[in-house]
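Colleague: First the structure, then my questions, so here it is.
The values are calculated or read from the model by the stated rules, or taken from the named source; none is laboratory data. Not measured: the values here are computed from a predicted model. All Cβ positions, glycine included, derive from the backbone under ideal geometry; neighbour counts span all protein chains shown. SASA here: full protein model, heavy atoms, side chains in, ligands and nucleic acids out. Shrake-Rupley method; radii C 1.70, N 1.55, O 1.52, S 1.80 Å.
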Amino acid sequence: MNRKPISLYLIIASISFLSGCWSQKELNELAIISATSIDKNEEGKYIKTIQLINPSNVAGGLQGGGGGQSPAVTVYSATGDSVLEAHFNASAKISRKLYHSHANLIVLSEDVVREDGLENVLDAFERDPEIRSTARVVIAHNTKAGDLLKSLTAVDKIPADKVNGTLEVTEQSRGVNLEVTLQDAIKALTSEGKEPVISGFSMNGDIELGKSMENVQKSELDTTLEADGVAIFKEGKLIDWYQDDMAKGVIWILDKIKETDVELDRDEKKNVIVYHVLRQKTKVSADTTNDIPTITIHVRAEGDVREVREPINLKDPKVLLELEKELEEKIKTQLVDTIKRTQQNKTDIFGFGEEVHRTDPKKWKKLKNDWNNTYFPELNIQVKVEAFVRRSGLRSNSILSNLKD
């Protein structure tokens, strides 16, 4: 039997079921969005700002060519009664189709999330299939969200890359910020027993000068974008800002510390010893035996001595033991202060409720409705810290010790 005609017929028949490039998008027809932001005007309308990439200027700038004469991004803004309407109104200003798939940053105004809450703003972003769930979310602190996208940056041609890069660096090396994606924010919003924490960004300098190319043609910029603590939420609305040690305390408890510094006082002098944390692990457990659960936080930190500005003998085991005890007390105080302030705010940003739920689901059913306002502020929280000095850098004793001798 000759199978060739049958095979040829099947091949030809199958072609009719192929859809072809039905969803093709030509690059010269797209306006590629790198970041979006949401503000509100005095009339209560949403202001959506979009940061579009100018591909030729980005490429030219990377090659050291003529791209330096023109900005790598162009910014458009539009208003609307809803986030989606503002988006559609923005499309009327652009000759190309707005393309969200490359957007990796969403900036929200603190006024918007304080008044309307996260859920009312993020809903439109979550529903759009083009928007990546891995896009980072940040809160504009003491500035308009749109102005963050309009400020030009020097090292990173695209401001969105500057913000995301700064988040990565500060989370890695300082421990006072954390990366929160759209998916993370939605998960925290819908979680029982945990409230969102989102990093903040602010502008330092003249906002108007930051929008011009002259800002990036100087060795010292007129305007810079800076990571600025973390925003604390309750029931989806912003209620407080934590910065410096308070923000670091949050990151410790969330087990998000990768590296950070702990400064110690010595002989009534402030911050004369700097301990650099290289490894840490935070474990949280819940005891639900009593009516009010008991939460235990256990932190184990290992690191090096990185700076000494007082004579100290780091070869002496007793001195190292004393140093470790001081470190444990300093870290514990940092965590306890953060917990006290958060209990006063009556918002469980640490996920203690989630731990109670995992430990005792039946008890959690009784507590969850009044968790933030009644039970979380009354929790008995025990903090245990272990700190170890593993190395003292390239030198054992301080230069000051030799000079004193």
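Colleague: Mind listing whichever residues of segment 122-146 are farther than 14 Å from TYR99 by Cα and open to solvent by 10 Å² or more (accessible area, probe 1.4 Å)?
Modeller: Correct list: ASP123, ALA124, GLU126, ARG127, SER133, THR134, ARG136, HIS141, ASN142, THR143, LYS144.
Colleague: Go through (1) within 11 Å of the chain's Cα centre (by Cα); (2) more than 18 Å from GLN51 (Cα to Cα) for VAL163 and report which single condition fails.
Modeller: That leaves (2) as the condition not met.
Colleague: Check LYS150, LYS144 and return the single one that is over 26 Å from ILE239 (Cβ atoms) and not aliphatic (A, V, I, L, M). Walk me through it before giving the result.
Modeller: Working: LYS144 fails: over 26 Å from ILE239 (Cβ atoms).
When all the criteria are applied, what remains is LYS150.
Colleague: Please work out if THR374 is of a type in the set (Ser, Thr, Tyr), open to solvent by 20 Å² or more (accessible area, probe 1.4 Å), out of contact with any helix residue (DSSP H, G or I) (no Cβ under 9 Å at 6 or more places or on another chain) and more than 18 Å from GLY249 (Cα to Cα).
Modeller: On the way: of a type in the set (Ser, Thr, Tyr): yes; open to solvent by 20 Å² or more (accessible area, probe 1.4 Å): yes; out of contact with any helix residue (DSSP H, G or I) (no Cβ under 9 Å at 6 or more places or on another chain): no; more than 18 Å from GLY249 (Cα to Cα): yes.
It is false that THR374 is of a type in the set (Ser, Thr, Tyr), open to solvent by 20 Å² or more (accessible area, probe 1.4 Å), out of contact with any helix residue (DSSP H, G or I) (no Cβ under 9 Å at 6 or more places or on another chain) and more than 18 Å from GLY249 (Cα to Cα).
Colleague: Does any residue of segment 6-18 turn out to be open to solvent by 40 Å² or more (accessible area, probe 1.4 Å), assigned to a loop (DSSP other than H, G, I, E, B), modelled with pLDDT of 65 or more and not acidic (Asp, Glu)? Before you say what the answer is, go through the steps one by one.
Modeller: Going residue by residue through segment 6-18, those that are open to solvent by 40 Å² or more (accessible area, probe 1.4 Å) are 6-12, 14-18.
Applying the additional criterion that residues be assigned to a loop (DSSP other than H, G, I, E, B) yields 16-18.
Next, only the ones that are modelled with pLDDT of 65 or more stay: none.
No: segment 6-18 contains no residue that is open to solvent by 40 Å² or more (accessible area, probe 1.4 Å), assigned to a loop (DSSP other than H, G, I, E, B), modelled with pLDDT of 65 or more and not acidic (Asp, Glu).
Colleague: One residue is enough: does segment 200-217 have a residue meeting the conditions within 12 Å of the chain's Cα centre (by Cα) and among the hydrophobic types (A, V, I, L, M, F, W, C)?
Modeller: Initial filter on segment 200-217 (within 12 Å of the chain's Cα centre (by Cα)): 200-201.
Narrowing further to those that are among the hydrophobic types (A, V, I, L, M, F, W, C): 201.
Yes, segment 200-217 contains a residue that is within 12 Å of the chain's Cα centre (by Cα) and among the hydrophobic types (A, V, I, L, M, F, W, C).
Colleague: Looking at LEU152, LEU84, which is the one that is buried (at least 21 other Cβ atoms within 10 Å of the Cβ) and touching a helix residue (DSSP H, G or I) at 6+ places or on another chain (Cβ under 8 Å)?
Modeller: On the way: LEU84 fails: buried (at least 21 other Cβ atoms within 10 Å of the Cβ).
Every option except LEU152 fails the conditions.
Colleague: Quick one: how many residues across segment 93-121 are open to solvent by 60 Å² or more (accessible area, probe 1.4 Å) and part of a helix (DSSP H, G or I)? I'd like the intermediate steps shown before the answer.
Modeller: Residues of segment 93-121 open to solvent by 60 Å² or more (accessible area, probe 1.4 Å): 93, 95-97, 102, 111, 114-115, 119-120.
Now drop any that are not part of a helix (DSSP H, G or I), which leaves 111, 114-115, 119-120.
Residues meeting the conditions: 5.
Colleague: Just one of (1) aliphatic (A, V, I, L, M); (2) surrounded by fewer than 18 Cβ atoms within 10 Å (Cβ to Cβ); (3) touching a residue at least 40 places away in the same chain (Cβ under 8 Å); (4) assigned to a helix (DSSP H, G or I) trips up ALA90, so point out which.
Modeller: The number of the failed condition is (2).
Colleague: Is it true that some residue in segment 213-233 is without any contact (Cβ under 8 Å) to a residue 40 or more places away in the chain, over 20 Å from VAL138 (Cα atoms) and in a strand (DSSP E or B)?
Modeller: no
Colleague: Right, here's the next one. Which residue pairs have Cβ atoms under 7 Å apart, sit 6 or more places apart or on different chains, and have a first residue in segment 181-207 that is surrounded by fewer than 22 Cβ atoms within 10 Å (Cβ to Cβ) and a second that is assigned to a loop (DSSP other than H, G, I, E, B) and basic (Lys, Arg)?
Modeller: Filtered contacts from segment 181-207: ALA188/LYS194.
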